Amino acid sequence: MKTILTGIRANSVLTLGNYLGALLPMVRLSNKYSNEYNINIFVPDLHSIISEVDGDLQENIIRTLKYYLVAGLKINENVHIYRQSHVPAHSELCWILNCNATMGEMGRMTQYKEKSEGKASANVGVFDYPVLMAADILLHDADYVPLGEDQFQHIELTRNVAERFNHRYGEVFTVPVETAKQVEFMGVEKPIRVRDLVNPEKKMSKSTASENSKIMLDDTPEKAAKKIMSATTDSFSDVQFDFETRPGISNLLYIEALLTDTPLTEVVEKWQGETRYGELKKQVAESVSGMLSEFQAKLSAISDEEVLELFTEGEKYANEVANKKLLAVQKAVHLR
Ligand code: AMP
């Protein structure tokens, strides 16, 4: 059976952008394929400590898994949930792969350049995490790795390192499919990008200082509705969908389509030409606050024990698979 592997960092409460752009699509993909593929959903906690963690990491990890469940993740015997640091083979393989990746290719990683800003004080984890990511993928022979656009370069790196290793030591790793095919598999024409509510030219991000720019999944429904009502629009006189010239109003139409799971063309058709922006804002505010009320009620109904049980079960499976692969790698490089 082929494997799909996916994860999201648990560094803080997530935004509506993370939910609509990453969590929900991952859950839908998992539910669609869990009868024919192994679905590995892991919480990359070793990746979390590369940067600052808001709040308590343990609480964040448990809450992140609850998010998947609230978003509708269906669990069956093919769905495996685990915490990366509870499967020690990930860090072990990372070291072996470090010795098969080059400084040159690592230094070319855009994420590294952006995150380190060329500062000598940047931690080594920021430089090396793409190799840990390669280990996450290769340990489980994952073919498909649904991730955001910003991670595509790391999938290509994983493919290069795997091919190099296989060439040097024999066919040990499954090489994940190339990024274009990953996108095709995810079934989206364009990556989903929810915009900042105050500066709609930018994407909504939890690191933006302005509170009104972003909707957090723990915002009260009333607070979230107010943020939508005060979202930046434009000085045109009617609703039109065009991210280039009217990013603010287009973002609201986009959010409405995603939240109500309605084709964007249908939402645009309904609102096009409307001269009262307030009416559209009211509708989107209602959709957002309705979603949050339901989401938060479901979230508080899931116990920590339930989540820990899923982790324990998944980690048993993940350790078995990972240790077997690690041993094959150790044998290939003559460490065993
Ligand atoms: P980050 O919070 O930037 O680490 O992103 C975690 C995941 O959420 C990645 O897959 C991103 O592509 C996705 N994501 C983050 N912000 C947005 C956004 N505004 N719209 C859509 N997806 C997003």
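Based on this model, can you work out whether ARG9 counts as within 16 Å of the ligand (Cβ to nearest atom) and among the charged types (D, E, K, R)?
In short, yes.
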When ASP196 is run through (1) out of contact with any strand residue (DSSP E or B) (no Cβ under 9 Å at 6 or more places or on another chain); (2) on the phi < 0 side of the Ramachandran plot; (3) among the acidic types (Asp, Glu), the failure sits at (1)
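Please determine whether any residue of the range 125-132 is within 18 Å of PRO25 (Cα to Cα) and without any contact (Cβ under 8 Å) to a residue 60 or more places away in the chain.
Keep residues of the range 125-132 that are within 18 Å of PRO25 (Cα to Cα), which gives none.
No.
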What number goes with the only condition from (1) polar (S, T, N, Q); (2) more than 10 Å from the ligand (Cβ to nearest atom); (3) modelled with pLDDT under 95 that ASN35 does not pass? (3)
Of the numbered conditions (1) closer than 24 Å to ASN100 by Cβ; (2) away from the ligand (no atom under 13 Å from the Cβ), GLN182 satisfies every one except a single condition; which is it? (2)
Condition first: within 14 Å of the ligand (Cβ to nearest atom) and at pLDDT 95 or above. Now tell me which residues in the range 134-163 satisfy that. VAL145, GLN153, HIS154, ILE155
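Select from the range 204-225 the residues that are away from the ligand (no atom under 13 Å from the Cβ), open to solvent by less than 60 Å² (accessible area, probe 1.4 Å) and of a type in the set (D, E, K, R) and list them in ascending order.
Pass one, the range 204-225, residues away from the ligand (no atom under 13 Å from the Cβ): 209-212, 218-225.
So of that shortlist, the ones also open to solvent by less than 60 Å² (accessible area, probe 1.4 Å) come out as 210, 219, 221, 224-225.
If the condition is that a residue be away from the ligand (no atom under 13 Å from the Cβ), open to solvent by less than 60 Å² (accessible area, probe 1.4 Å) and of a type in the set (D, E, K, R), then ASP219 is the only one that fits.
This table checks each residue for (1) touching a Leu at 6+ places or on another chain (Cβ under 9 Å); (2) within 16 Å of the ligand (Cβ to nearest atom); (3) of a type in the set (Gly, Ala, Ser).
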site	(1), (2), (3)
PHE165	yes, no, no
PHE173	yes, no, no
MET186	yes, yes, no
LYS202	no, yes, no
All helices (runs of 4 or more DSSP H) inside the range 1-103 with 1 or more residues being of a type in the set (D, E, K, R) and surrounded by 20 or more Cβ atoms within 10 Å (Cβ to Cβ): 45-48, 57-70
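Taking the range 184-227, which residues are outside any loop (DSSP other than H, G, I, E, B), within 18 Å of LEU147 (Cβ to Cβ) and touching a Pro at 6+ places or on another chain (Cβ under 8 Å)? Can you show your working first?
Of the range 184-227, the ones outside any loop (DSSP other than H, G, I, E, B) are 184-186, 195, 203, 211-213, 216, 221-227.
Subset that is within 18 Å of LEU147 (Cβ to Cβ): 184-186, 203.
Passing the criteria: PHE185, MET186.
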Considering each of LYS74, LYS66, LYS2 in turn, give the residue that is basic (Lys, Arg), closer than 28 Å to ARG168 by Cα and more than 13 Å from the ligand (Cβ to nearest atom). LYS2
Inspect all residues belonging to the range 133-152 and state whether any of them is surrounded by fewer than 24 Cβ atoms within 10 Å (Cβ to Cβ) and more than 21 Å from LEU29 (Cα to Cα). no
The condition from (1) within 30 Å of MET1 (Cβ to Cβ); (2) of a type in the set (Phe, Trp, Tyr); (3) out of contact with any strand residue (DSSP E or B) (no Cβ under 7 Å at 6 or more places or on another chain) that TYR144 misses is numbered (3)
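Given the condition away from the ligand (no atom under 16 Å from the Cβ) and either in contact with a strand residue (DSSP E or B) (Cβ under 7 Å, 6 or more places away or on another chain) or in contact (Cβ under 8 Å) with a residue 40 or more places away in the chain (or both), answer yes or no: does some residue in the range 17-24 qualify? Break it down into steps so the answer makes sense when it comes.
Restricting attention to the range 17-24, the residues satisfying the condition of being away from the ligand (no atom under 16 Å from the Cβ) are none.
Within the range 17-24, not a single residue is away from the ligand (no atom under 16 Å from the Cβ) and either in contact with a strand residue (DSSP E or B) (Cβ under 7 Å, 6 or more places away or on another chain) or in contact (Cβ under 8 Å) with a residue 40 or more places away in the chain (or both).
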The range 104-128, subset within 22 Å of LEU57 (Cβ to Cβ) and hydrophobic (A, V, I, L, M, F, W, C), residue surrounded by the fewest Cβ atoms within 10 Å (Cβ to Cβ): VAL124
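The values are calculated or read from the model by the stated rules, or taken from the named source; none is laboratory data. Please read all numbers here as calculations on a predicted model, not as lab measurements. Here Cβ is always computed from backbone atoms with ideal geometry, including for glycine, and neighbour counts include all displayed protein chains. For accessibility, only protein heavy atoms count, side chains too; no ligands or nucleic acids. Shrake-Rupley method; radii C 1.70, N 1.55, O 1.52, S 1.80 Å.
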